[in-house]
Amino acid sequence: MDSQNSPCVTLPPGAYLLEGTRTPGLNSASRARAGFSALDLAVQSANALLLRCGLAASALDGVVLATDASQAADKVRQRLQLSPVTPLQQCTQGLDAVARASQQIRSGDADLLLVIASDAAAAHGSSAISESAKRLAALFEVAEEDAEAYDQACGQRHSEAEQSGLFSPYRIALFDRQGEAYNSDQTTPDSGACALLLASAKGCAQLKQRPLAQLSSQALARAPADYPSLAPLLASTRLLQKERLGLNDIDLWELPDAPALALLANLAAWQDARFCERQLELEQPMGRLDPTSLNPLGGSLALGALPVSGGCRQLLQQADTLHRHALGRALVCEQQDTDQAQAWLLTRAEEVQA
């Protein structure tokens, strides 16, 4: 997945995803045996990314760290050997960290920013989302059997992606204090980290690398309290309307699918004329998206729903797929908290040869 050297390529102004790495998803038993903390995972992922890019920490204009760990910023600064004057911000959501970094780049305040997101012992699932999904599934006549079939298909897509080596370019090996390596994703993970290098057009030119994708636009939405599982639908719809795009204008989708019933109910809602008119204020239904474009590597059902780092992992996966297949647009959406979601539009980096 390494971005290709491009000494004669110029890019329009914007924020770009230049490169990234992620750790394997670890289950609680492996994490406990290895003794990894959220900071350990964050630092290993970040160091691997800097090494891959041939970049010293001193070259960064700043770091945005997303983690629930307390007093993390000072420890990360020390372990990454950051200068005392290098700005380091902390938040609790990976996609919020991406939003902060992107804004700094667009405003001209930075050219190279490192985003790190890390989970350790993350809680699984939300009963409120599951109950909401069941009510919406009944409303739109989505059966449990449909969710089971989708779950199986996710596992198959993930297995095929693994066998094809699609995760290997950016998934690093973790090493514990005894030297034992952890290099594959585990079932029911509760821990993992992802590091992303974001750059301006000037930053890409300085490193002489083509970016994987441009971070083009973002939208947030909050769902009604009784139906929190609608948040991804609302955020994705808002982003599409903001950019004047339809479902068929998106080549790749990454939508929350844990539980599968929530995703399938949202897809059915997009096809329901009454719902789209009353709840989305649309004259026509949004329509049906191409199922082959949805969560092509298996989604969160297969890779695990990590609340802090999962969105960054999804951005990296979709940017890589967009880059490899020379596609135009990808939409990545993540459920945040219980009733909020954040959606991002990734676009192919349009290059102008000098």
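No lab work stands behind these numbers, since they all come straight from the coordinates. Just so you know, these numbers come straight off a predicted model, no measurement behind them. Please note: Cβ atoms are built from the backbone with ideal geometry, for glycine as well, and neighbour counts cover all protein chains shown.
Could you compute the longest span of the chain free of trypsin sites (Lys or Arg not before Pro) located in DSSP loops and having at most 16 other Cβ atoms within 10 Å, not counting the site residues?
1-176
Specify the angular offset, from 0 to 90 degrees and rounded to the nearest 10, of the alpha carbon long axis of helix 127-139 from the longest principal axis of the alpha carbons in the chain.
Between helix and principal axis, roughly 40 degrees.
With unit charges on the beta carbon (Lys/Arg positive, Asp/Glu negative), name the residue among CYS204, ALA161, TRP270 whose Cα is farthest towards the positive pole of the charge dipole of segment 149-285.
CYS204
For SER184 and GLN271, compute 0.36 nm times the residue count separating them, minus their Cα-Cα distance, and round to one decimal in nm.
Result for the pair: 27.5 nm of gain on full extension.
Round to a whole angstrom and tell me the spacing of the C-alpha centers of segment 213-251 and segment 308-325.
The distance from the Cα centre of segment 213-251 to that of segment 308-325 comes to 17 Å.
Under a point spin-label approximation (7 Å from Cα along Cα-to-Cβ), what is the ASP109-THR292 distance to one decimal in nm?
Inter-label distance under the simple model: 4.4 nm.
Could you tell me which GluC sites (Glu not before Pro) in segment 239-284 are loop residues by DSSP with no more than 10 other beta carbons within 10 angstrom of their beta carbon?
GLU281, GLU283
Starting at the first residue of segment 152-169, write each ³J(HN,Hα) from the Karplus equation 6.51 cos²θ - 1.76 cosθ + 1.60 with θ = phi - 60°, in whole Hz, x for Gly and Pro.
Ordered by residue, 3J(HN,Hα) equals 5, 5, 4, x, 5, 5, 5, 4, 5, 5, 5, 5, 7, x, 6, 8, 4, x Hz.
Along the charge dipole of the chain, Cβ charges K/R +1 and D/E -1, which of THR347, PHE175, SER191 sits furthest on the positive end?
After comparing all options, I get PHE175.
Helix-only estimate, please: 222 nm mean residue ellipticity of the chain, summing -39500 (n - 2.57) across DSSP H runs of length 4 or more and dividing by its residues, to the nearest 500.
-11500 deg cm²/dmol
For the chain, what relative contact order do you get, as a whole percent, if you take Cα pairs closer than 8 Å and at least 6 residues apart?
RCO, the chain: 29 percent.
Label points 7 Å out from Cα along the Cβ direction at GLU131 and SER168: separation in nm?
4.7 nm
Dipole of segment 9-353 (Lys/Arg Cβ +1, Asp/Glu Cβ -1, origin at the Cα centre): which of LEU113, LEU294, GLN152 lies farthest to the positive side?
My answer, from the dipole projection, is LEU113.
What length, rounded to one decimal in nm, is gained on full extension from LEU245 through to ARG222, with 0.36 nm per residue of separation minus their alpha-carbon distance?
Taking 0.36 nm per residue and subtracting the Cα distance, the gain is 6.2 nm.
Taking the Cα centre of the chain as origin, sum charge times position over the Cβ atoms of Lys and Arg (+1) and Asp and Glu (-1), and report the length of that vector in debye to the nearest 20.
Approximately 1100 debye in magnitude.
Once you put a point 7 Å from the Cα of SER70 and another 7 Å from the Cα of THR338, both along the Cβ direction, what distance in nm separates them?
2.4 nm
Using a Gaussian network for the chain with springs between C-alpha atoms less than 10 Å apart, which of these wobbles most: ALA73, ALA302, ALA195?
ALA73
Taking every eigenvalue of the Cα gyration tensor of segment 9-353, multiplying by 5 and rooting it, what semi-axes result, largest first, whole Å?
32, 24, 18
For segment 124-176, which GluC sites (Glu not before Pro) are both in a DSSP coil and crowded by at most 13 other Cβ atoms within 10 Å?
GLU141
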